[in-house]
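Student: Okay, here's the structure, questions in a sec.
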Amino acid sequence: MSEIEALIFDVDGTLADTERDGHRVAFNRAFADAGLDWDWDVALYGKLLAVTGGKERIKYYLREFNTAFEPPADLDGFVAGLHAAKTEHYKALMAEGRVPLRPGVERLLREAREAGIPLAIATTTTMDNVTSLLENTLGAESIGWFAEIGAGDIVPAKKPAPDIYVWVLERLGLPPERVIAFEDSGHGVNSAADAGISRIVVTTNDYTLGQDFSRASLVLDQLGEPGTPPRRADGEPLPGPVDLALLETL
Ligand code: XBP
Ligand code: MG
């Protein structure tokens, strides 16, 4: 095992459960604003999560779930407009403080900062969404806690492609064996693993439970807090929360 020289976090589903009550609601509001009767309920949204990236997800919906809709000639422009409106709604939802960080996230971020271990983000979501989540949970200064934030369209191929992790590793100037990645989904694990990262900690959520995490080092229900340790998939609790001491054993 190598020394830990950075922790790289996914955002949606990992730092916070943003999909169901954040992104999904924001998409529906953008559709309503545009006079569309599309309704992405909780179950349908679970299917749509097969495709990462909001613009890509809207196109997937039209291709697979709403073939009766006749899109305008400029499909890319139409989707980009809907997506821009969705981002504004998402930021407003974050500002309402609707979505808290998942258990143990703030504790682990603070522990790593105190130990001088750089933090980074590798996500498919839009940069504005990342900053609004951080601002409204940890405060505006927390954006500066992250040495690198790789987000959204900064790379052309989104997860499960490895590109966003490769981009973050290059910017950090670190080889993949020196970092630990935190993910919640099979797509995220494959993205990190294909970038060469072998130490991957998964915290599952309702949308990702049961996905293929065979390439992860540890699969838990949460990072946990003192007194409420995380559990493995078989229900077995860890002796304590995920902290640097535990990460060093991976
Ligand atoms: C997150 C995503 C994103 C968000 C929406 O995946 O798939 O598409 O749902 O974000 P991950 P945008 O957690 O693997 O990064 O609408 O800003 O694209
Ligand atoms: Mg995720």
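Student: Suppose we filter segment 130-142 for residues that are crowded, with 17+ Cβ neighbours inside 10 Å and out of contact with any Lys or Arg (no Cβ under 7 Å at 6 or more places or on another chain); how many remain?
Tutor: Looking only at that region, the number is 8.
Student: Pairs only if they're at least six apart or on different chains, beta carbon under 8 angstrom, first in segment 19-33 and free of Cβ contacts under 8 Å to residues at least 40 places away in the same chain and in a helix (DSSP H, G or I), second surrounded by fewer than 17 Cβ atoms within 10 Å (Cβ to Cβ) and not aromatic (Phe, Trp, Tyr); list them, first residue then second.
Tutor: Pairs that qualify, where the first residue is free of Cβ contacts under 8 Å to residues at least 40 places away in the same chain and in a helix (DSSP H, G or I) and the partner is surrounded by fewer than 17 Cβ atoms within 10 Å (Cβ to Cβ) and not aromatic (Phe, Trp, Tyr), are ARG24/VAL42; ASN28/ASP39.
Student: Further question on the same structure: Out of all the residues in segment 33-46, is one or more within 16 Å of ligand 2 (Cβ to nearest atom), touching a Ser or Thr at 6+ places or on another chain (Cβ under 8 Å) and not β-branched (Val, Ile, Thr)? Step through it out loud before you land on a result.
Tutor: Looking only at segment 33-46, we keep the residues that are within 16 Å of ligand 2 (Cβ to nearest atom), and these are 45-46.
If we keep only those that are touching a Ser or Thr at 6+ places or on another chain (Cβ under 8 Å) too, we end up with none.
Within segment 33-46 (the criterion being within 16 Å of ligand 2 (Cβ to nearest atom), touching a Ser or Thr at 6+ places or on another chain (Cβ under 8 Å) and not β-branched (Val, Ile, Thr)), the answer is no, since none of the residues qualifies.
Student: Quick one: count up the residues across segment 70-80 that are part of a helix (DSSP H, G or I) and either within 23 Å of the chain's Cα centre (by Cα) or loosely packed, with under 14 Cβ neighbours inside 10 Å (or both).
Tutor: From segment 70-80, those part of a helix (DSSP H, G or I) are 75-80; that's our starting set.
In the following step, the residues that additionally are either within 23 Å of the chain's Cα centre (by Cα) or loosely packed, with under 14 Cβ neighbours inside 10 Å (or both) were identified as 75-77, 79-80.
So the answer is 5.
Student: Another question, then. With respect to ARG98, determine if the residue is touching a residue at least 40 places away in the same chain (Cβ under 8 Å) and either in a loop (DSSP other than H, G, I, E, B) or open to solvent by 60 Å² or more (accessible area, probe 1.4 Å) (or both).
Tutor: Considered against the rule, which asks whether it is touching a residue at least 40 places away in the same chain (Cβ under 8 Å) and either in a loop (DSSP other than H, G, I, E, B) or open to solvent by 60 Å² or more (accessible area, probe 1.4 Å) (or both), ARG98 comes out as yes.
Student: Follow-up question, since we're still on this one. What number of residues within segment 168-218 satisfy the criterion of being without any contact (Cβ under 8 Å) to a residue 40 or more places away in the chain, in a helix (DSSP H, G or I) and among the acidic types (Asp, Glu)?
Tutor: 2
Student: For the structure I just gave you, tell me whether ALA120 is small (Gly, Ala, Ser) and buried (at least 19 other Cβ atoms within 10 Å of the Cβ). Spell out how you get there, then give the answer.
Tutor: Values: small (Gly, Ala, Ser): yes; buried (at least 19 other Cβ atoms within 10 Å of the Cβ): yes.
Answer is yes for this residue.
Student: Another one. For the subset of segment 47-64 comprising residues that are closer than 18 Å to THR18 by Cα, out of contact with any Lys or Arg (no Cβ under 8 Å at 6 or more places or on another chain) and open to solvent by less than 30 Å² (accessible area, probe 1.4 Å), which member is nearest to ligand 2 (Cβ to nearest atom)?
Tutor: Selected residue: ARG57.
Student: May I pose another question? Taking ALA85 as meeting all but one of (1) within 13 Å of ligand 1 (Cβ to nearest atom); (2) of a type outside the set (Ser, Thr, Tyr); (3) closer than 24 Å to ASP184 by Cα, write down the number of the exception.
Tutor: The failed condition is (3).
Student: Just one of (1) farther than 16 Å from MET127 by Cβ; (2) within 10 Å of ligand 1 (Cβ to nearest atom) trips up ASP10, so point out which.
Tutor: In the conditions (1) farther than 16 Å from MET127 by Cβ; (2) within 10 Å of ligand 1 (Cβ to nearest atom), ASP10 misses (1) alone.
Student: Shifting gears a bit: Do the conditions hold for ALA245, that is, is it closer than 23 Å to SER2 by Cβ, modelled with pLDDT of 95 or more, small (Gly, Ala, Ser) and open to solvent by 20 Å² or more (accessible area, probe 1.4 Å)?
Tutor: On the way: closer than 23 Å to SER2 by Cβ: yes; modelled with pLDDT of 95 or more: yes; small (Gly, Ala, Ser): yes; open to solvent by 20 Å² or more (accessible area, probe 1.4 Å): yes.
Yes: the conditions hold for ALA245.
Student: How many residues are within 16 Å of ligand 1 (Cβ to nearest atom) and within 19 Å of ALA115 (Cα to Cα) if we restrict to segment 139-188?
Tutor: Here the count works out to 4.
The values are calculated or read from the model by the stated rules, or taken from the named source; none is laboratory data. Fair warning: this is a prediction, and the values are worked out from it, not measured in the lab. Note: ideal-geometry Cβ built from the backbone for every residue, glycine included; neighbour counts use all protein chains shown. The protein model used for the area step is the full one, side chains on, heavy atoms only, and it has no ligands, DNA or RNA in it. Shrake-Rupley method; radii C 1.70, N 1.55, O 1.52, S 1.80 Å.
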